[in-house]
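Read through the structure below, which is laid out as structure tokens, and then see the notes.
The values are calculated or read from the model by the stated rules, or taken from the named source; none is laboratory data. Predicted model only: the values in this text are computed from it and were never measured. Cβ sites come from the backbone with ideal geometry, for glycine too, and all protein chains shown count toward neighbours.
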Amino acid sequence: MAVAKTGGVGKAKVARREVILDALGEELKRKPLAELSVEEIAEASGITRQRFYHYFPTKYEALAALLDEVSDRLMEVYIQPGSWFVRPPGVTPREALLPTFEAVMEFWIENGHILREGADLWNLPESVRTHWYRFMGRMVDFTALQIQRERDEGVAPQGPDPRLLASQLQWMGERLAFLETIGAPAAIGLTEEAFEASADFFLRVVYLDDDPQLPAGR
């Protein structure tokens, strides 16, 4: 009986935790975390300020947990059918890359109220920055693995260390996406021309060609 009761309590705690994270996400649409109080998050969650601390030591720790959830959802975008990260046989890199860029940017815009907080690193405590570095690290790892696969299949030429290359590409992309989410004047926009330019840059860096073709028989 004790085990069943503990399990029930555990499930209730997880459920309440998710309610808090959902509420935090909604509140971030209204204002940035720096201007958002724990009281506001707690009220939106239907709990007291004291109860909030039962789940998260600070609002920043709640943000860190929210960023981890968003990171998991982004990985699902990365591995969706047709994505460049799992480029199907017979599909050229450019054909796979353009819709992938669009899907990833759409994800950034949809979750921009959360992602902008992680990308705004200088305003976050060190403990929370770790979650953003892990978030970016997962994207770098995915990119590095695909670059190496493309080289192994003879689609991309040999070159710099794949992870070093992937890190530079992803962190440049992070800044561009961040500028887009905050509506900065330097944002490149979400036009077809912008996606084509981004694809050209990415392809020329990885493949040394803006429209690399598959080797014969692939």
Which of the following residues is in contact (Cβ under 8 Å) with a residue 12 or more places away in the chain, within 17 Å of Thr181 (Cβ to Cβ) and surrounded by fewer than 18 Cβ atoms within 10 Å (Cβ to Cβ): Ala119, Ala103?
Ala103
Would you confirm, using the coordinates I've provided, whether Ala144 is touching a residue at least 12 places away in the same chain (Cβ under 8 Å), part of a loop (DSSP other than H, G, I, E, B) and over 16 Å from Met105 (Cβ atoms)?
no
If you scan the range 160-191, which residues turn out to be assigned to a loop (DSSP other than H, G, I, E, B), of a type outside the set (D, E, K, R) and at pLDDT 95 or above?
Pro160
Condition (residue is part of a helix (DSSP H, G or I), under 23 Å from Glu76 (Cβ atoms), assigned by TED's automatic domain parsing to the domain that holds Gly82 and among the polar types (S, T, N, Q)) applied to the range 101-120: is it met by at least one residue?
no
Among the candidates Glu18, Glu39, Glu76, single out the residue that is in a helix (DSSP H, G or I) and closer than 23 Å to Leu176 by Cβ.
Glu76
Every residue from the range 79-100 that is part of a loop (DSSP other than H, G, I, E, B), more than 29 Å from Asp22 (Cα to Cα) and touching a helix residue (DSSP H, G or I) at 6+ places or on another chain (Cβ under 7 Å):
Gly82, Arg87
Scope the range 191-207; condition touching a residue at least 12 places away in the same chain (Cβ under 8 Å) and under 26 Å from Gly137 (Cβ atoms); matching residues:
Phe195, Ser198, Ala199, Phe202, Leu203, Val205, Val206, Tyr207
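Conditions (1) within 19 Å of the chain's Cα centre (by Cα); (2) modelled with pLDDT of 95 or more, marked per residue:
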{"residue": "Ile41", "(1), (2)": "no, yes"}
{"residue": "Phe52", "(1), (2)": "no, yes"}
{"residue": "Leu67", "(1), (2)": "yes, no"}
{"residue": "Met75", "(1), (2)": "yes, no"}
{"residue": "Pro81", "(1), (2)": "yes, no"}
{"residue": "Trp84", "(1), (2)": "yes, yes"}
{"residue": "Pro89", "(1), (2)": "no, no"}
{"residue": "Thr92", "(1), (2)": "no, yes"}
{"residue": "Pro99", "(1), (2)": "yes, no"}
Give the range 42-57 a look and list any residue that's outside any helix (DSSP H, G or I) and either assigned by TED's automatic domain parsing to the domain that holds Arg151 or not hydroxyl-bearing (Ser, Thr, Tyr) (or both), or say none.
Gly46, Ile47, Phe56, Pro57
Subset of the range 128-149 (residues that are farther than 23 Å from Trp84 by Cβ and of a type in the set (D, E, K, R))
Arg129
